[in-house]
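Contents: one structure, followed by commentary.
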Amino acid sequence: MSEHKIFGQDIYWANFIGLMVLTAIEVVAVGSEFSKAMTLFILVGIAIPKFIMIAAIFMHLWGDKDSKILTLTALFPTFFIIVMVLFIGLTHPEATTGLPEWCRPGYYKL
Amino acid sequence: MSGDYHGDDDHEHQSAWGPHDWSHGAPHNSWAPIIMSIGIGIFLYTVASAYSWGEMVDPSSIPLIFLGLTISFFGMIIWWRQDASFDGIYEPRATGTPFQNIQIRKVAMWMFLMSEMMVFTSLFSTYMRYRLGLTPCVEIYESGSWIVNSQTIDSGEAVNCFLPASELIASSWFHIAPGAINTFALIISSFTIVQALRWAKKPVGSVDEEVRRKRVYRYLGSTWILAIIFLTLKMVEWFVGFYIPEIGFLGLHEHDIVSLVNEGYTIHADHYHPHHGWEDTHLAELAAANPSEFEEYFANIASIEGGYVTTDAVMMADIRVSTSTFFVTTGTHGAHVFIGIIGLTYMTWKAWTGGYTPQNAVSIEYFGLYWHFVDLIWVLVFPFFYLY
């Protein structure tokens, strides 16, 4: 029998406060005079723990009896995501300049 | 706290729309999803037929648009009437591997979220492709190549370049405010919905039922309000803008924060005029390194003052790809928030009538999974579309 893990209030509060603080850091980092690369590094560095905190605590993927199979289910599309990001997002040549006419803005204008 | 397991015993469960046959593996049989799918299908098809690039091209489709919405709404009413009588006692569980003994609705929700992840990944990979593949507008502006190529307001030719929305949104604290407040609103709403679940799950006898009812509907209602705030601020950011009054002691001067659309950041922007304080430093370097070339191309339209080039020429940019990726991705996310509001409207009403008990509180958990997913997506959308 599976169970729904309901954490005590403290862990929800701690998670909530943590997410608020990380978001505040994110906004302040953009307002600061960092280089583009440093800003990107900070934003990625903050987005990852925020993502994990929401999935693990609020979505109950951590500590739940079913968490292993549900985490695997959630991670299942990772392969396809990697394929999409690597082969569409990053490497496809001429994706922006070599689009066929039917795929360009204005083609369907009547 | 553990969930209560109740087997799928032979049982006739009376609902407002007839009995559910719990004995033949059809625990919550309903026409509602099929009816809603047909309605949404008609709606999407006719909207796509009626509009082209924001212009109404086929007014005859309008009755069909409303027909689709009406059918969807009818399906929703059926679903809600059935669910209103659903006491949650007969929560069916999967029997096959790998999800054996896990609630079927929970597995289904995770499967749905998986497919949603694919949708947003395709949007993100599109954004990455164009952001990395097209030259940034600021780079072209600073290089001065647009002057050489006569891509100016006078010539009518436009440079095809990428202008991320963050160039406008992250240009001041006031511009960034709606997006930042929305981020906090979504995080708070994730917190309020887990609190609603927590109170609904408290075992019978451990809490007064009236206190449970109030807590659950207040937390769900708070989530609803935060979702409304999110979409309202989104509209302000996209279409309306806002006014900053003169507040001397804070050092604020009276001015308007212009919305993205009024700024000209639209999907039609094939002749956008970027004007956000970019400096022609590269052109100045060119003038210093190669005075004869500068003289040949630029001297009649530009001059150097204090190390910077000033010019009366106005660069024009085709930013339709930039704006499309921004509006489609953030709009898809906004549509998910809107769908969440529809669900929350019903759930808040159900909670107000005392409809949630520890037995059926899993419904809040399943909706919560969706809502947290919407929050998760925003965790990625906000930094990469609004800040960077």
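Which whole number gives the average count of other chain Cβ atoms within 10 Å of the Cβ atoms across peptide B:379-387?
Values: counts 13, 6, 1, 6, 13, 4, 0, 3, 9.
What the average comes to for B:379-387 is 6.
Here the spin labels are modelled as points 7 Å beyond Cα on the Cα-Cβ line, and at B:Thr332 and B:Ile62 they lie 3.0 nm apart. Separation of the alpha carbons by more than 18 angstrom is noted, of B:Lys234/B:Lys350; A:Lys50/B:Lys234; A:Lys65/B:Lys214; B:Lys201/B:Lys350; A:Lys65/B:Lys106, for B:Lys234/B:Lys350; A:Lys50/B:Lys234; A:Lys65/B:Lys214. Residues within the reach of a label modelled at A:Met38 (point 7 angstrom out along Cα to beta-carbon, backbone nitrogen below 20 Å), restricted to segment B:145-183, are B:167, B:170-173. Sorting B:349-356, A:30-37, B:223-230 by average packing, meaning the other beta carbons within 10 Å per residue, from highest down gives B:223-230, B:349-356, A:30-37. Separation of segment B:47-81 and segment B:331-388, taken as the distance between their Cα centroids, equals 24 angstrom. For the pair B:Ala84 and B:Ile228 in one chain, pulling the backbone fully straight at 0.36 nm per residue adds 49.5 nm over the alpha carbon distance. Just to verify a number: FRET efficiency for A:Glu101 and B:Thr353, C-beta to C-beta distance, R0 = 41 Å, to 0.05? With R0 = 41 Å, the Cβ-Cβ based efficiency is 0.15.
Extension gain, B:Ser150 to B:Phe74, is 21.7 nm, computed as 0.36 nm per intervening residue step minus the present C-alpha separation. Scan around B:Thr152 for amide H atoms under 5 Å from its own, H built in the peptide plane at 1.01 Å from N, and keep only partners 5 or more places away or cross-chain. Distant-sequence amide H within range of B:Thr152: B:Glu157, B:Met316.
Taking the Cα-to-Cβ direction at B:Glu210 and at B:Thr95 and moving 7 Å from each Cα, how far apart do the two end points lie in nm? Placing both labels 7 Å along Cα→Cβ, they lie 4.6 nm apart. Less than 5 angstrom separates the built amide H of B:Ile257 from those of B:Phe242, B:Tyr243, B:Ile244, all sequence-distant by 5 or more or on a different chain.
Note on B:Phe239 and B:Ser115: the model spin-label points, each 7 Å out from Cα along the C-beta direction, lie 3.0 nm apart.
All of the numbers you see were taken from the coordinates with simple rules; none came from a lab. Fair warning: this is a prediction, and the values are worked out from it, not measured in the lab. When we count neighbours, we look across all protein chains shown, and the Cβ atoms used for this are built from the backbone with ideal geometry, even at glycine.
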